[in-house]
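Comments concern the structure below.
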Amino acid sequence: MDFVGSHILSVDQFDRGDVELVFRVADRMEPFAARQKITRVLEGAILSNMFFEPSTRTRVSFGSAFNLLGGEVRETTDIKVSAISKGESLYDSARVLSGYSDVIAMRHPEAGSVAEFARASRVPVINGGDGPNEHPSQALLDLYTIRKEMAARGATIDGLRIALVGDLKFGRAVHSLCKLLGRFNGIHFNLVSPPELTAPDDIVDALKSARHSVNELFRLEDGIRDVDILYVTRTQEERFPSQEEADRYRGLFHVNQHIYTEFCEPNTVIMHPLPRDSRTIANELDHDLDQNPNLAIFRQTDNGVLVRMALFAMVLDVVDQVERSARDVNWYTAKRDPGRT
Ligand code: NCD
């Protein structure tokens with residue numbers, strides 16, 4: 001795909017070569033994210049962060065990524081304080097906002113809303129999550145993390161064995177990650193969910209017709225043996241018609257050190273898009289795994305900055321200027337040990 005000036009709305013836009021290109025650019029962002037170098041290539045540029053659903057890491061890491069490239073960030077984080085609460089259409093909001101910005105990152109509770117907004121926008125729009133539909137930048141950072149973790153074990157993405165656990169019906173991070181993994185060869189998917197929360201048929205069918213192996217399972221212990229990656233997710237409570245219904249699925253799958261030791265291969269990488277629901281009633285990924293070196297959840301969040309920097313640099317066409325304008329930082333920088341979780 002041609003990245004320059006493009007919206008990033010769905011992982012369907014990316015072929016394997018595009019994904020690998022994003023990863024190569026993300027690798028080059030490391031010295032900036034690690035505070036060894038500074039670049040100001042986006043000096044004067046404005047990112048509008050429009051987040052109409054709760055978000056911490058997606059919103060802040062989009063903002064940090066833009067700041068690290070020298071740009072400025074404007075935040076609109078509540079639908080109630082935006083004119084959308086006065087009945088303004090996405091069309092009008094997009095026409096207005098795009099006049100104030102060079103790029104827009106947007107999250108919205110409805111599937112398809114970010115694409116609708118993008119159609120009226122005069123600047124590139126990046127989907128930060130549209131309802132239960134997609135979360136393309138999360139899938140890219142997840143896959144970038146998988147690539148690094150596998151490389152450290154002398155393996156590649158091709159032939160990967162992955163278990164995706166939890167609410168696979170409403171989990172947009174899972175939807176985008178499955179589709180993106182589908183671009184690679186011979187992936188073994190164990191999709192572990194309650195029977196009512198299985199992954200959407202179109203996603204499963206597409207993986208099967210691309211000759212990946214897909215097992216749909218309902219018991220945790222059946223799905224987490226013999227995998228390289230254990231990707232745990234939260235029940236997406238906010239997508240259920242009622243709290244009562246959401247309550248039924250909370251706490252069904254509980255990954256902790258004991259379960260890990262008993263059922264997983266010793267080197268299995270543990271991932272989660274976060275936030276993990278640490279309330280006792282849910283607790284899908286226990287804090288007793290925090291010292292486990294295979295827990296990659298904070299490596300994922302760090303990688304999010306690199307991938308989002310890459311997307312901005314590619315969409316705004318400054319990739320080749322980033323290193324040319326680099327200089328050393330001149331303040332105290334804390335040691336960032338990427339090996340530690
Ligand atoms: C995910 C999301 O919002 O879809 N979070 C994130 O962006 N890292 C997953 C979730 O909320 O459970």
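The values are calculated or read from the model by the stated rules, or taken from the named source; none is laboratory data. What you are looking at is a predicted structure, and each value in this text was computed from that prediction instead of being measured. Don't worry about glycine lacking a Cβ; one is built from the backbone with ideal geometry, like all the others, and counts go over all protein chains shown. Just so you know, the surface numbers come from the protein's heavy atoms only, side chains and all, with ligands and any DNA or RNA stripped out. Shrake-Rupley method; radii C 1.70, N 1.55, O 1.52, S 1.80 Å.
Scanning segment 25-59 for residues that are open to solvent by less than 10 Å² (accessible area, probe 1.4 Å) and either touching a Cys at 6+ places or on another chain (Cβ under 9 Å) or assigned to a strand (DSSP E or B) (or both) yields Leu47, Ser48, Asn49, Met50, Phe51.
Looking across segment 247-267, the residues that are within 24 Å of Gln236 (Cβ to Cβ) and not in a strand (DSSP E or B) come down to Asp247, Arg248, Tyr249, Arg250, Gly251, Leu252, Phe253, His254, Asn256, Ile259, Tyr260. Among the candidates Phe218, Phe253, the residue that is within 16 Å of the ligand (Cβ to nearest atom) and at pLDDT 95 or above is uniquely Phe253.
What are the residues in segment 305-328 that are open to solvent by 10 Å² or more (accessible area, probe 1.4 Å) and under 18 Å from the mean Cα position of the chain (by Cα), if any? Selection gives Val305, Met314.
Of the numbered criteria (1) away from the ligand (no atom under 11 Å from the Cβ); (2) touching a His at 6+ places or on another chain (Cβ under 8 Å), the one Ala155 fails is (2).
Looking at Ala111, Ala65, just one residue is open to solvent by 50 Å² or more (accessible area, probe 1.4 Å) and small (Gly, Ala, Ser), and that residue is Ala111.
Ser93 meets all of the listed conditions (1) open to solvent by 10 Å² or more (accessible area, probe 1.4 Å); (2) modelled with pLDDT under 95; (3) more than 16 Å from the ligand (Cβ to nearest atom) but one, namely (1). For segment 287-304, the set of residues classified as closer than 28 Å to Asn67 by Cβ, without any contact (Cβ under 8 Å) to a residue 60 or more places away in the chain and open to solvent by 20 Å² or more (accessible area, probe 1.4 Å) consists of Phe298 only.
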